[in-house]
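Here the structure is laid out as structure tokens; the discussion comes afterwards.
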Amino acid sequence: MAKLLMKGNEVIAEAAVKAGCRYFFGYPITPQNELVTYMAKRLPEVGGVFLQAESEIAAINMVYGAAGTGARVMTSTSSPGYSLKQEGISYLSGAELPAVICNISRGGPGLGNIQPAQSDYFQATRGGGHGDYYLPVFAPASLQEVADLMGDAFDVADKYRTPVLILADGVLGQMMEPVEFSDKVVEELPKKDWATTGTRGDGGPKIITSLDLDIGGLEAHNSRLKDKFENITKNEIRYEEYEIEDAEYILVAYGSVARIAMSAIKLARKAGIKVGLIRPITLWPYPQEPFIKTRDKVKGYMSVEMSAGQMVEDVRLAVNGHAPVSFYGRNGGVIPTHEEIYEKIVQLSGGVKA
Amino acid sequence: MMPRSRLIIFTGHFGSGKTEISINLALQLRKSFERVAISDLDVINPYFRTRDVADLFNKEDIKLIAPSERLSNADLPIVSSDIYRYISDDSYKLIIDAGGDKDGAISLGQFYNYWKGLNPEVVFVLNANRPNVSTVEGAIKSIESIEQASRLKVTSLINNTNLGSETTSDDIIDGYKISKGISEKLNIPIINTTINKDLINETRDWASINDVLYIERYMKSPWEA
């Protein structure tokens, strides 16, 4: 298939359709509106259903309903809307329903602004809603990666019966890049014999619920969920390493900031500073391995984020005291420049050698 | 590229490159004319808009008509009322950069009675590497919906076919063929083909026999130098 020049929000939508998503329930919010608009036009073309709900809360509960029938379903929103969806996401996780949710995040807290931000990291990686749960979080850094990851996101959702989050900041939603959609071979996935599609004298009623009034029963259920989360942690971690072989310092960044960090690293390498990058692609489960293998060799790590300092906590956990961890970030819709990051690298390394 | 009217309205499908072309044309016109104004009528995009290069216009002494700075990042579809002054002041060359598709073109419709007598140049910008406009039929459908929403007739085309940083001369030539097809079907001229300055060497031969305007890119990603 020929390459197209597309906007991030369009790529998410088209890649979802290509992955077999036929149902979308959403509510508009900047900067992800193009995704909703694209789905409104595209889904009827492939026999799917697009519905603009009356609110984010309604949308996520429609997702719950569609997911219960075994259909591939998605919703998308931006930060304040993602907060509104938390109750529903907790229900999806509790009831073990697969679905994909996109958060094209913007400046917060509160209504914040419509500029890009990564300040929803805590919420994304610690479940977000109430109860003991996590959800897999994919954080692409380019539009081609978005195109490649959407199918995997739906597969992970189905395979583990869990909601999955795509977390991308507004830059990725709004920017344009060339993309090519591959015809990915869909993994052999378990049959959805739990879906509520009616019984035909072939067993008892199927019930999808997150309610469990039996105290021991709920604990047993949560323990099964915990095993599932451990399984996901074992199998689904993804990350990219850039120039870390000889690195004395390692930056840690995800999403669009990782690309700005790469530009800064190129500048620093030219100035003779040995610096590399770890780019987590899954934010939960968080990649430990690239830290474990570098933490006794490097002089320090620096987490670079469009937040006031959130992922840096996971970096500290992964480094576990073996090396110093620092932080540089801009927030509230301000995007760090690669020159700024370069200056921080110079400071970290104790200056450029003449 | 010297437009025949003092009022140039850029329309096009979503993501066709109207903003880049508007900015380039404004800078080019300013070299020959004292008074050039550019109006940001984009009520669709939250980022990557004409108003985001306000400093450049300021420096080049080009009048930017856009929502006030205080509101330029508000999530509101604001149309600055300043525009009326520049429509009626015929000492100004006026460039209008509207949002994409028929949704973006809606903001043009309200000015119909103000500019209908001015014989505006209404340009449809085509990037044939965008979804839905990669065929002559698809592009004509887009033109028709924009004409209906804007209450304007498209009078000319610009071929701005590109794949961002991965553009090849083949992309540009394929886009030109589709532009030619639209041009013949609708009986409107192609003003020129716009090509990123980075591709001057690869496209020199083709540019020697076709009308080409090399353009600078102003809407950059944060990791680009």
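Laboratory data are not the source of any read-out in this text; all were calculated from the coordinates shown. Because the structure is predicted, anything quoted here is derived from the model rather than measured. Using ideal geometry, Cβ is built from the backbone for each residue, glycine included, and neighbour counts are taken over all protein chains shown.
A few points about this structure:
- Sites A:Asn320 and B:Thr135 - FRET efficiency at Förster radius 45 Å, r taken between beta-carbons, to 0.05: 0.20
- Annotation: lysines with alpha-carbon distance below 20 angstrom to A:Lys297 (same-chain offsets under eight excluded): A:Lys274.
- Of all DSSP beta bridges in region A:1-144, antiparallel share, percent nearest 5: 10
- Segment A:Asp246..A:Ala308, full-extension length gain: 19.4 nm, with 0.36 nm per residue of separation and the alpha-carbon distance subtracted.
- Within region B:103-197, GluC sites (Glu not before Pro) in DSSP loop having at most 14 other beta-carbon neighbours inside 10 Å: B:Glu166
- Interchain or long-range residues, amide H under 5 Å from A:Glu240's placed H: A:Arg279, A:Ile281
- Here region A:4-83 and region A:95-146 have alpha carbon centers that stand 15 Å from each other.
- Qualifying trypsin sites (Lys or Arg not before Pro) in region A:99-185, DSSP loop, other Cβ atoms within 10 Å at most 16: A:Arg126, A:Lys184
- Scanning chain A for GluC sites (Glu not before Pro) lying in DSSP loops with no more than 14 further Cβ atoms inside 10 Å, the longest uninterrupted stretch between such sites is A:55-179.
- Over all Cα atoms in the protein assembly as shown, the spread is summed up by Rg and Dmax: 25.6, 83 Å.
- Trypsin sites (Lys or Arg not before Pro) within region B:82-173, DSSP loop, no more than 16 other Cβ atoms inside 10 Å: B:Arg151, B:Lys153
- Candidates B:Ser32, B:Ser169, B:Ser156, ranked by Gaussian network fluctuation over chain B, Cα under 10 Å, top entry: B:Ser32
- With N as its number of residues, region B:7-215 has a Cα radius of gyration that, divided by 2.2 N^0.38 Å, comes to 0.98.
- Here the extension length gained between B:Glu144 and B:Ser80 equals 20.4 nm, from 0.36 nm per residue of separation less the Cα-Cα distance.
- The calculated Kirkwood hydrodynamic radius for region A:53-100 is 10.5 Å, given to one decimal from all distinct C-alpha pairs.
- B:Glu34-A:Ala53 FRET efficiency (beta carbon distance; Förster radius 41 Å; 0.05 resolution): 0.20
- 30 Å Cα-Cα threshold exceeded, pairs from B:Lys93/B:Lys197; A:Lys18/A:Lys192; A:Lys41/A:Lys226: A:Lys41/A:Lys226
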